[in-house]
Amino acid sequence: MIRKLLIAVICVLILAGSGGALWVWQGMKTLDIPVALEEPVLFNVPLGTGFGQVARKLEAEGFLADSLWMRLHGRLNPEVIQVKAGEYEITSGMSPRQILSKMVAGETKQWSIQFIEGWTFQDMRQALASSEHLTRETTDWSDDAIMKAVGAEGEYPEGRFFPDTYAFTRGETDLDLLRRSFERMEQVLAEEWESRAEDLPYDSPYEALIMASIVERETGAPAERGEVAGVFVRRLQKGMRLQTDPTVIYGMGDRYAGRITRKDLLRHTPYNTYRIDGLPPTPIALPGREAIHAALNPKEGDALYFVARGDGTHKFSRTLSEHQKAVREFQLNRRSDYRSSPAPAVNEDAP
């Protein structure tokens, strides 16, 4: 009550133009004194916090010499009292007036999390669980519970979330980001499906998503995505098996320890494209837009094989004999147990 009365008296002094106005002017100038900090500091404004409370908290935490002058500033300038809740970053050199302007504009601290192209859904969940600034809601949820929460009940999560960098603010949850990522993938896939090439061996956008995930996992050089997709599309069109190692690895699950053996290639799993025809039943990773675009707009050509050169690029071949020569040139001399993908057909009757 005394503080409110003092503010009223100060206002009278200002209007009267008395000598006290100099004192007021000097007090108001403290709102322009920059703060000195060794490192940025986070300042939280809880939901429902009033302007006076914010001013007093700034004073209590050392950002303001006397909250009286900020509250007077608010009395004289009603537009500045509409501070928005959130977490704000205060850096050295900012003045109380600049701090207040930031809060009025709602320029809250933005954190970010990145989901990488080629990650699995479990990689994505681990990143969410490890985020220090994100409110965790789904840590103990099953994949099925998450899919239900994002509006895709009963569907498999792999490949359904768009890999990107997502910004978030204090109070947002992992479920918020999962929803944003899921909706973003739906949007991107729909856009790319609309601009797809003709005569593709897909019956649905989901099948294109499966192919995109394989392209994503096979491609070390982004510029080769279209060519890699072209090889796989032509193999499907000719009734050839995809014979791609990343699908085998995905089907191995926790059994994969860094290498694929002949026994692994011969073992039946729903994802072993050395043993199954066509596409695997689901995506095997999170594909980015470029991989989705490549799957839906594969590069024309006649190559049916490719092998890694060892520098992140691939050697593409039209015939099996050309491919076997490339394997000898780029791989067999370097690592005898290496198997390129797609590779020559395996004798399925071998013991």
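The values are calculated or read from the model by the stated rules, or taken from the named source; none is laboratory data. Owing to the predicted nature of the structure, the values given are computational and were not obtained by experimental measurement. With ideal geometry, Cβ positions are generated from the backbone for all residues, glycine too; neighbour counts draw on all protein chains shown. Surface areas here come from the heavy atoms of the whole protein model, side chains and all, with no ligands, DNA or RNA. Shrake-Rupley method; radii C 1.70, N 1.55, O 1.52, S 1.80 Å.
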Task: In the stretch 224-239, residue nearest to the chain's Cα centre (by Cα) [restricted to those that are touching a residue at least 40 places away in the same chain (Cβ under 8 Å) and open to solvent by 50 Å² or more (accessible area, probe 1.4 Å)] - done: Glu227
TODO: Write out, first by first residue and then by second, each pair whose Cβ atoms fall under 6 Å of each other, whose residues are 6+ apart or on separate chains, and whose first residue, in the stretch 99-126, is within 16 Å of Arg184 (Cα to Cα) while the second is of a type in the set (S, T, N, Q) and open to solvent by less than 50 Å² (accessible area, probe 1.4 Å).
DONE: Ile113/Ser131
Open item on the list: Condition first: hydrophobic (A, V, I, L, M, F, W, C), touching a helix residue (DSSP H, G or I) at 6+ places or on another chain (Cβ under 8 Å) and part of a loop (DSSP other than H, G, I, E, B). Now tell me which residues in the stretch 175-222 satisfy that.
Closed with: Ala197, Leu200
- [ ] Look through the stretch 251-281, keep the residues that are surrounded by fewer than 18 Cβ atoms within 10 Å (Cβ to Cβ), in a loop (DSSP other than H, G, I, E, B) and among the basic types (Lys, Arg), and return whichever of them is nearest to the chain's Cα centre (by Cα).
- [x] Arg259
Task: Hey, Ala295 in a helix (DSSP H, G or I), closer than 25 Å to Gln114 by Cβ and open to solvent by 20 Å² or more (accessible area, probe 1.4 Å) or not - done: no
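Considering Ser131, Ser204, Ser195, Ser142, which residue is small (Gly, Ala, Ser) and closer than 30 Å to Leu58 by Cα?
Just a single option satisfies the conditions, and that option is Ser131.
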Open item on the list: I'd like to verify a number: residues in the stretch 190-223 that are open to solvent by 40 Å² or more (accessible area, probe 1.4 Å), modelled with pLDDT of 95 or more, more than 25 Å from Asn272 (Cα to Cα) and charged (D, E, K, R), how many?
Closed with: 3
Open item on the list: Can you tell me which condition Ile284 does not meet? The list is (1) part of a helix (DSSP H, G or I); (2) modelled with pLDDT of 85 or more, and all the others hold.
Closed with: (1)
